[in-house]
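Contents: one structure, followed by commentary.
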Amino acid sequence: MRCAISQPTFLPWLGWFDILDQADQMVMLDTVQFDKRSWQQRNRIRSTDGLLMVSVPVLTRGRSTQSVREVEIADESFGNKFLRTVQANYAKAPYFEPVFEQLADLVPSLMAKGYLADLNEGLIALI
């Protein structure tokens, strides 16, 4: 049996899914310490102006030792902003409508949970 262990990053790179594809079991390691300079809360997407950094706003003040699982999203409106950003930059992509429909249905419920790990794991499951 092959087991892969990885942190739940925000919109993981394609290689992350290749690792998942080769594993029989996947463990989301969300008990590691959160690092606000990492891919745990941010990633780049393609935009009409080149690469655009998208960062999930999280609460960090006074929480320097929190684990990824404990990180709270600071602004619930990020979900709507994220959806508008995706729509503005990918609306002309093949298969946009059915994929965006699923994304738009899922993101509000993930944002309502209020935690970064829930958002990341939910997006990973959708992808």
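Some observations on this one:
- Computed extension gain for residue 97 through residue 72, at 0.36 nm per residue and net of the alpha carbon distance, reaches 6.0 nm.
- Using a probe of 1.4 angstrom and keeping all protein chains present, the accessible surface of the range 40-127 works out to 60 square angstrom per residue.
- On the range 18-67, 46 percent of the accessible area sits on carbon and sulfur atoms, based on a 1.4 Å probe.
- Comparing 81, 113, 92 in a Gaussian network model of the chain, where Cα atoms under 10 Å apart are tied by springs, the biggest mean-square fluctuation is seen for 92.
- Under the convention that each Lys and Arg Cβ holds +1 and each Asp and Glu Cβ holds -1, the size of the dipole of the chain around its Cα centre is about 480 debye.
- Evaluated over the Cα positions of the range 26-73, the convex hull gives a direction-averaged projected area, one quarter of its surface, of 4.3 nm².
- The chain - share of DSSP beta bridges that are antiparallel (%, nearest 5): 70
- Ranking 14, 119, 103, 126 by solvent-accessible area of protein heavy atoms (1.4 Å probe, all protein chains present), from largest to smallest, gives 14, 126, 103, 119.
- Kirkwood Rh in Å, taken over the chain so that all alpha-carbon pairs contribute: 15.4
- Protein heavy-atom surface of the range 76-127, 1.4 angstrom probe: 56% of the accessible area is carbon and sulfur, with nucleic acids and ligands not counted.
- The stretch between residue 126 and residue 37, if pulled fully straight at 0.36 nm per residue, gains 29.6 nm over its current Cα-Cα span.
The values are calculated or read from the model by the stated rules, or taken from the named source; none is laboratory data. Being a predicted model, the structure only gives us computed values, none of them experimental. So basically every Cβ, Gly included, is an ideal-geometry build from the backbone, and we count neighbours across all protein chains shown. We work out accessible area using only protein heavy atoms, side chains counted, and drop any ligands, DNA or RNA first. Shrake-Rupley method; radii C 1.70, N 1.55, O 1.52, S 1.80 Å.
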